[in-house]
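The values are calculated or read from the model by the stated rules, or taken from the named source; none is laboratory data. Being a predicted model, the structure only gives us computed values, none of them experimental. Cβ coordinates were reconstructed from backbone atoms using ideal geometry, including for glycine residues, and neighbour counts include every protein chain displayed.
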Amino acid sequence: MKKIRIVYIIHSLKTGGSQKVLVQIVQALDPSVYEVHIVSLSPEDKANSIFTNCKLPECASVHYLNYVFFEDHSIRGYFKLLRSKAKDIALLPELNALMATVKPDIIHFHTNPMELILRRFMTTQSHYVFTDHLYRLELNAMGRLRTKALALIFRRLYKGFHVMAVSPAIYNRLTTYNVVTKPYKLIALPNGVDTTVSDQGIQITEGLRAVYVSRLEKIKGHADLLKAWSLLSDISDKHLYLVGPDGMNGQLQQMAHDLGINDTVTFTGNSPDPAVWLRQANLGLFPSYNEGLPLALLEKMRAGLPVIVSDIEALEGLLTHGKEGLIYKSGNVGDLAEKIRYIYQHREHALRMGQHALQLVRDRYDLKRNHELLIRFYEDVLKDEC
């Protein structure tokens, strides 16, 4: 039987949420049915690839290309991108040569929308799929006119792609602005975690042990978290674990020092097994300013940890305030500190929230069920004409 050939194109293979999602997908594919090629658009990934810690399945191979990125994410930058020509994209001949050799049935992008411009210049007759990992059309933050302008840009960039939204919030926003047009399909296929794995950390009942797993970037809200942590001077027995690679060149470490809290904060750096730190905790945190459906949050909930999240739409829709965790006003450092203090002072309620969080993940975000939905989606896509 002829194997189904899938090419996954990803912005970078450095460890992160979208990279973990890709690893999950590839590892779940039946090697007797699928042949997989992974194309990283960042050649420096060879030394820092997620596959240095995760075994590459036998059915898969990795290719590294040197893509010249478009970095201007303003509305003007997007319009300039839409006017780009094939000559503006350095890797096109190499990419098209690879596709001509592989002859993929499906080309699945795990990138940001800017990289979707590649589709316009690719010569391969394949089915194209895009996984949208991030809640991008933020009406409250961007305003109505800018949101509509960006939606129009996305409609042009997404043209030719079947789209998978990793959360209901992303799906609803793409639907509201009619970003994905017929005959192309748009489905909500949430991220998932292996619910048969147990890394519960709620057995840590003494003191306050909080953990935040995320790369260190401004958009992830670490600065707010450190400021909130500094307001908890009345709690002597506390420790905060910040797990993830440092994308801020030591700025957060310096902030912790300046706030006088560096003795209660551990920056672990990139960790091949974040579950080690979850088992040290009795509270999971996620103060990010923008997300899709973060695996790191689902992993905290799977660990039986009560969670505190910012009130951005992509996160607050994932849980019920007071049931699986607490929701605070994004950017309000005092509110975040009080929510953390509540968890410390109300241990029985915190324990119940952690149990509810675990059950929610089992009910809605089971990895095996999500992979079954993905396979059916691929089968549905392959029925269409290219």
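Taking segment 224-239 on its own, how many of its residues are without any contact (Cβ under 8 Å) to a residue 40 or more places away in the chain and surrounded by 18 or more Cβ atoms within 10 Å (Cβ to Cβ)?
Residues that pass the stated criteria total 2.
Can you report the number of residues in segment 160-173 which are surrounded by fewer than 20 Cβ atoms within 10 Å (Cβ to Cβ) and modelled with pLDDT of 90 or more?
Filtering segment 160-173 for residues surrounded by fewer than 20 Cβ atoms within 10 Å (Cβ to Cβ) gives 160, 168, 172.
Narrowing the set further to residues that are modelled with pLDDT of 90 or more leaves 160, 172.
Qualifying residue count for the region: 2.
Is there any pair with a first residue in segment 85-103 that is in the same structural domain as Glu71 (by TED's automatic domain parsing) and a second that is among the charged types (D, E, K, R) and at pLDDT 95 or above whose Cβ atoms are under 8 Å apart and which are 6 or more apart or on different chains, and what are they?
Val102/Arg5; Lys103/Arg5
Name the residues in segment 341-366 that are in contact with a Ser or Thr (Cβ under 7 Å, 6 or more places away or on another chain) and not acidic (Asp, Glu), would you?
Listed by number, the residues that qualify are Arg347, Val361, Arg362.
Lys329 fails exactly one of the following numbered conditions: (1) in contact with a Lys or Arg (Cβ under 9 Å, 6 or more places away or on another chain); (2) surrounded by fewer than 20 Cβ atoms within 10 Å (Cβ to Cβ). What is the number of that condition?
So Lys329 meets the others, but not (1).
Please find, within segment 339-354, the residue that is farthest from Lys300 (Cα to Cα) out of those that are among the basic types (Lys, Arg) and buried (at least 16 other Cβ atoms within 10 Å of the Cβ).
Initial filter on segment 339-354 (among the basic types (Lys, Arg)): 339, 341, 347, 352.
Pick out the ones that are also buried (at least 16 other Cβ atoms within 10 Å of the Cβ) and you get 339, 341.
Values: Lys339: 17, Arg341: 19 Å.
Out of the qualifying residues, it is Arg341.
Taking the conditions exactly as written (outside the structural domain of Asn53 (by TED's automatic domain parsing), closer than 27 Å to Leu367 by Cβ, touching a Gly at 6+ places or on another chain (Cβ under 7 Å) and in contact (Cβ under 8 Å) with a residue 60 or more places away in the chain), does Ala296 satisfy them or not?
It is true that Ala296 is outside the structural domain of Asn53 (by TED's automatic domain parsing), closer than 27 Å to Leu367 by Cβ, touching a Gly at 6+ places or on another chain (Cβ under 7 Å) and in contact (Cβ under 8 Å) with a residue 60 or more places away in the chain.
Can you tell me which residues in segment 155-172 are assigned to a helix (DSSP H, G or I), farther than 26 Å from Leu298 by Cβ and touching a residue at least 40 places away in the same chain (Cβ under 8 Å)?
The first filter runs over segment 155-172 and keeps only residues assigned to a helix (DSSP H, G or I), leaving 155-157, 168-172.
Subset that is farther than 26 Å from Leu298 by Cβ: 155-157.
Hits for segment 155-172 are Arg156, Leu157.
Which of (1) modelled with pLDDT under 95; (2) more than 21 Å from Lys14 (Cα to Cα) does Leu225 not meet, given it meets every other one?
(1)
Which of (1) over 23 Å from Leu315 (Cα atoms); (2) under 21 Å from the mean Cα position of the chain (by Cα); (3) among the β-branched types (Val, Ile, Thr) does Thr124 not meet, given it meets every other one?
Among (1) over 23 Å from Leu315 (Cα atoms); (2) under 21 Å from the mean Cα position of the chain (by Cα); (3) among the β-branched types (Val, Ile, Thr), the lone unmet condition for Thr124 is (2).
Does Ala303 satisfy the condition of being of a type in the set (A, V, I, L, M), closer than 19 Å to Thr196 by Cα and not assigned by TED's automatic domain parsing to the domain that holds Ile50? Walk me through it before giving the result.
Values: of a type in the set (A, V, I, L, M): yes; closer than 19 Å to Thr196 by Cα: yes; not assigned by TED's automatic domain parsing to the domain that holds Ile50: yes.
Answer is yes for this residue.
Being modelled with pLDDT under 95, surrounded by fewer than 16 Cβ atoms within 10 Å (Cβ to Cβ) and closer than 26 Å to Thr181 by Cα: is that true of Arg120 here?
Values: modelled with pLDDT under 95: yes; surrounded by fewer than 16 Cβ atoms within 10 Å (Cβ to Cβ): yes; closer than 26 Å to Thr181 by Cα: yes.
Yes: the conditions hold for Arg120.
Checking Asn249 against (1) more than 22 Å from the chain's Cα centre (by Cα); (2) free of Cβ contacts under 8 Å to residues at least 12 places away in the same chain: exactly one of these is not met. Which one?
That leaves (1) as the condition not met.
This table checks each residue for (1) under 21 Å from Leu41 (Cβ atoms); (2) surrounded by fewer than 17 Cβ atoms within 10 Å (Cβ to Cβ); (3) touching a Ser or Thr at 6+ places or on another chain (Cβ under 7 Å).
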| residue | (1), (2), (3) |
| --- | --- |
| Thr131 | yes, no, no |
| Leu137 | no, no, yes |
| Leu145 | no, yes, no |
| Ala149 | no, yes, no |
| Phe154 | yes, no, no |
| Tyr158 | yes, no, no |
| Thr175 | no, yes, no |
| Glu206 | no, yes, no |
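Quick grid of which residues meet (1) touching a strand residue (DSSP E or B) at 6+ places or on another chain (Cβ under 7 Å); (2) under 30 Å from Ser236 (Cβ atoms); (3) surrounded by 24 or more Cβ atoms within 10 Å (Cβ to Cβ); (4) of a type in the set (Gly, Ala, Ser):
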{"residue": "Leu293", "(1), (2), (3), (4)": "no, no, yes, no"}
{"residue": "Leu305", "(1), (2), (3), (4)": "yes, yes, yes, no"}
{"residue": "Gly334", "(1), (2), (3), (4)": "no, yes, no, yes"}
{"residue": "His356", "(1), (2), (3), (4)": "no, yes, no, no"}
{"residue": "Tyr365", "(1), (2), (3), (4)": "yes, no, no, no"}
